[in-house]
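The values are calculated or read from the model by the stated rules, or taken from the named source; none is laboratory data. Owing to the predicted nature of the structure, the values given are computational and were not obtained by experimental measurement. Quick reminder, even Gly has a Cβ in these numbers, built from the backbone with ideal geometry, and neighbours come from all protein chains shown.
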Amino acid sequence: MTGMIQELANFWSLSDRNVLWVLLGAALLGLSNGIIGCFAFLQRKSLIGDALAHAALPGVVFMFYFTHSRDPWLLLAGAGLSCIVAHVCSEYLIRRTKIKEDSALAIILSLSFALGVFMLSMIQKLPIPNQAGLDKILFGQAAAMNSADVKLLAISSCILVLLTLLCFRSWRLLVFDPVYATSIGLPVRWLQGALSAALVLAVVIGLQLAGVVLVAALILTPAAAARYWTNKLGTMLILAGMFGALSGVFATQVSYLAPRMPTGPWMVMAVTAIFAVSLLFAPSRGLLIRALRRHRQQLRINEENVLRTMYKLLEQHRSPLPGLDSAQILSFRSMLPQQLELVLKRLKRRSEIVQDGALINFTSSGYQHARALTRRHRLWEAYLAERLGLAADHVHRDAEEIEHILGPDLEAALLDELEQSTSDPHGRSIPRSISKEHEHE
Amino acid sequence: MSIPAVEVHDLTVAYRQRPVLWDIDFSIPEGCLAAVVGPNGAGKSTLLKAVMGLLPSTSGYVNIFGEPVLNKRSIIAYVPQREEVDWDFPITVQEVVMMGRTGRLPFWRRVSTHDRNMVEQALTEVGIFDLKHRHISELSGGQQQRVFIARALAQDAAIYLMDEPFAGVDAATEKAVIELFRKLKAARKTVICVHHDLHTLADYFDYVVLVNLRLVAAGQTSATLTPENLNKTYGGRLGLLSEITERVRKRQVDM
């Protein structure tokens with residue numbers, strides 16, 4: 001344990017030059033890819049990042065074959081060129097043929113990957129010096145990063161962030177509503193071109209660290225995670241950048257502590273973990289809060305149903321009953337006994353009902369609530385029967401669902417429509433609203 | 001005679017190599033509420049987009065106040081159909097309406113007080129000022145439509161082109177939009193709508209353009225909206241034209 005803390009301290013002292021390069025590189029890459037990825041994500045072009053990454057491979061190998069150089073700028077240019085070729089090809093397929101976007105991208109992706117692997121194995125047989133490790137581009141290798149690589153990453157990240165700042169307004173409009181953007185005379189083709197170029201750059205600078213196969217995750221996953229936390233594009237970009245950078249830092253640390261651990265895959269793991277947390281716990285969009293909301297809604301519906309059943313049972317008797325027992329309620333309302341138990345407990349706590357031995361009866365506020373619910377239910381049934389001409393035996397189920405949504409405004413609207421009705425299609429009287437009753441008194 | 005707000009001359013438009021509008025000719029005077037009417041697939045939306053120069057025309061031209069449309073884009077405001085955008089996009093009502101002001105601004109220009117005022121005025125005009133900080137996914141269909149109309153209003157244009165502004169909106173929104181149309185007309189603005197509802201046509205619009213792949217008739221509603229013209233618009237007898245269109249498309253695909 002102390003050994004681990006010592007190692008961590010070593011890591012953060014940043015005395016190891018190599019660690020510093022990798023750390024900076026991974027953080028910058030995560031940042032810029034996260035930001036640019038938001039636009040691809042929102043444009044629903046998630047597959048494009050992956051296709052571009054695979055398309056970069058033949059470009060890199062090709063460039064190396066001709067120049068015999070491992071200069072990162074040259075390889076970057078090669079990758080960029082082949083990405084652009086692939087992009088133009090897929091656009092052509094999408095626009096000019098009946099092939100849909102996903103198929104076109106899949107075709108381009110696998111073709112260029114095949115081409116790249118084929119060329120890789122070919123040059124390995126040639127007597128070109130300095131080629132050891134070129135195949136690392138498939139899965140990425142952060143440990144091999146040096147100052148020249150980090151410089152390239154830093155410059156490219158700056159370009160990407162600056163470009164995003166400059167184009168933010170136009171890109172947002174372009175992604176949200178391209179037709180409108182054209183109608184007000186925006187240079188839509190140029191803007192889309194710039195966006196595509198930015199995406200190509202983001203993919204290509206990620207190759208060394210994350211590799212052809214994984215780099216797409218660094219582009220999309222931060223955006224998908226960030227979308228859960230905000231409804232503002234600006235905030236989303238910042239969050240996605242942060243998520244990317246954080247996972248870069250985390251991955252570098254992991255691979256420092258356990259040198260056999262590769263940085264790229266750990267970066268993907270980290271950013272996916274952030275995504276999973278967002279998916280589950282984000283406020284208002286997260287799965288957990290939504291499940292909780294559904295659960296509360298269901299509880300409320302059960303409560304309202306029990307109240308209404310009690311009202312119906314009690315109104316059938318001329319002389320007031322001292323109360324009902326749960327068996328009577330269960331015979332009219334199909335629910336499990338333990339469900340009813342829970343509902344009754346909650347109603348008691350809110351003092352809508354009182355229980356005396358086995359007998360359950362309304363309090364006065366509970367009675368009024370039940371009466372209002374019954375009123376809505378029967379009004380809606382009457383409306384369905386009168387206005388939609390539904391048969392009396394058809395309306396109950398519909399009303400069961402609607403009554404829980406009807407608010408006072410819709411109730412008033414229903415009342416306007418049904419001036420004359422005093423009974424529902426089953427012949428039961430619709431209780432008058434409490435306030436009306438007071439008017440009469 | 002004064003220069004018409006919109007003049008379409010012998011316009012033929014192909015969409016994905018398929019001619020969808022043939023030899024359209026009409027002109028709409030300034031300060032008109034005009035409706036483009038026709039059955040499904042008659043090319044109404046295409047006509048609207050072609051008027052804005054969004055689609056390449058095979059032949060013919062569109063003039064806006066006597067000048068080519070591409071020089072006059074700044075005085076045209078477009079209201080697309082609601083379905084054309086993703087309503088889950090992370091953006092607020094106010095930000096969408098602000099697009100009408102800042103969409104064309106170069107990136108270094110900040111939003112001015114005037115821009116802000118125009119946006120607030122547009123939001124008020126369509127009755128959604130209270131919703132300005134809402135995320136767009138929280139809006140009803142009618143409110144979505146109002147957001148798009150507010151965005152067009154914020155452009156302070158002379159000509160408004162709207163693609164089915166009444167489709168799927170509530171009665172209150174329809175009334176509010178009609179009220180707004182009257183105001184725009186009073187301010188000598190020209191409104192051109194794709195419209196579906198024949199019952200309200202004569203009440204809402206004083207000019208109609210009847211299309212069904214070709215122009216059937218165009219003119220003042222009272223004179224143009226005759227049973228005979230409607231019959232021609234909706235009554236088919238276009239079998240031959242559709243057949244030719246289909247053939248042209250096939251041949252181009254084969255080539």
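Those residues that are surrounded by 19 or more Cβ atoms within 10 Å (Cβ to Cβ) and either within 11 Å of chain B (Cβ to nearest Cβ) or touching a Pro at 6+ places or on another chain (Cβ under 7 Å) (or both), I need them from the stretch A:231-257; list them, please.
A:Asn231, A:Leu233, A:Met236, A:Leu237, A:Leu239, A:Ala240, A:Phe243, A:Gly244, A:Ser255
So which helices (runs of 4 or more DSSP H) are wholly in the stretch A:342-436 and hold at least 1 residues that are of a type in the set (S, T, N, Q)? Steps first, answer last, please.
Details: elements: A:364-387, A:395-402, A:408-417.
Correct list: A:364-387.
Kindly indicate the residue of the stretch B:84-108 that is under 14 Å from A:Phe168 (Cβ atoms) and at pLDDT below 80 and also surrounded by the most Cβ atoms within 10 Å (Cβ to Cβ) among those meeting that condition.
It comes out as B:Gly103.
Which of the numbered conditions does B:Gly168 fail, given that it passes all the others? Conditions: (1) in a loop (DSSP other than H, G, I, E, B); (2) more than 11 Å from chain A (Cβ to nearest Cβ); (3) buried (at least 18 other Cβ atoms within 10 Å of the Cβ).
In the conditions (1) in a loop (DSSP other than H, G, I, E, B); (2) more than 11 Å from chain A (Cβ to nearest Cβ); (3) buried (at least 18 other Cβ atoms within 10 Å of the Cβ), B:Gly168 misses (3) alone.
Among the residues of the stretch A:128-164 satisfying the criterion of being of a type in the set (S, T, N, Q) and at negative phi, which is surrounded by the most Cβ atoms within 10 Å (Cβ to Cβ)?
Looking at the filtered set, the residue picked out is A:Ser157.
Go through (1) over 30 Å from A:Ser15 (Cα atoms); (2) assigned to a helix (DSSP H, G or I) and name the single condition A:Trp229 misses.
(2)
Which residues, taken from the stretch B:159-198, are more than 23 Å from B:Ala50 (Cα to Cα) and of a type in the set (Asp, Glu)?
B:Asp170, B:Glu174, B:Glu179
Of the residues that make up the stretch A:131-148, is at least one modelled with pLDDT of 90 or more, over 33 Å from the mean Cα position of the chain (by Cα) and away from chain B (no Cβ under 14 Å)?
Checked against the condition, which is being modelled with pLDDT of 90 or more, over 33 Å from the mean Cα position of the chain (by Cα) and away from chain B (no Cβ under 14 Å), the stretch A:131-148 yields no hits at all.
Against the conditions (1) under 20 Å from A:Leu313 (Cα atoms); (2) touching a Leu at 6+ places or on another chain (Cβ under 7 Å); (3) among the charged types (D, E, K, R), where does A:Asp356 fall short? Just the number, please.
(2)
Checking B:Arg151 against (1) at the interface with another protein chain (Cβ under 9 Å from one of its Cβ atoms); (2) farther than 23 Å from A:Gly185 by Cβ; (3) touching a residue at least 60 places away in the same chain (Cβ under 8 Å): exactly one of these is not met. Which one?
Of everything listed in (1) at the interface with another protein chain (Cβ under 9 Å from one of its Cβ atoms); (2) farther than 23 Å from A:Gly185 by Cβ; (3) touching a residue at least 60 places away in the same chain (Cβ under 8 Å), B:Arg151 misses just condition (2).
Which of the residues belonging to the stretch A:95-127 are surrounded by 14 or more Cβ atoms within 10 Å (Cβ to Cβ) and either under 16 Å from A:Val61 (Cβ atoms) or outside the structural domain of A:Leu214 (by TED's automatic domain parsing) (or both)?
A:Leu111, A:Ser112, A:Phe113, A:Leu115, A:Gly116, A:Val117, A:Met119, A:Leu120, A:Ile123
Any chance you could count how many residues in the stretch A:161-182 are more than 19 Å from B:Val111 (Cα to Cα) and touching a helix residue (DSSP H, G or I) at 6+ places or on another chain (Cβ under 8 Å)?
The qualifying residues number 9.
A quick yes/no check of all residues on (1) in contact (Cβ under 8 Å) with a residue 12 or more places away in the chain; (2) not basic (Lys, Arg):
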site	(1), (2)
A:Arg346	yes, no
A:Arg349	no, no
A:Ile353	yes, yes
A:Phe362	yes, yes
A:Gln368	yes, yes
A:Ala372	yes, yes
A:Ala382	yes, yes
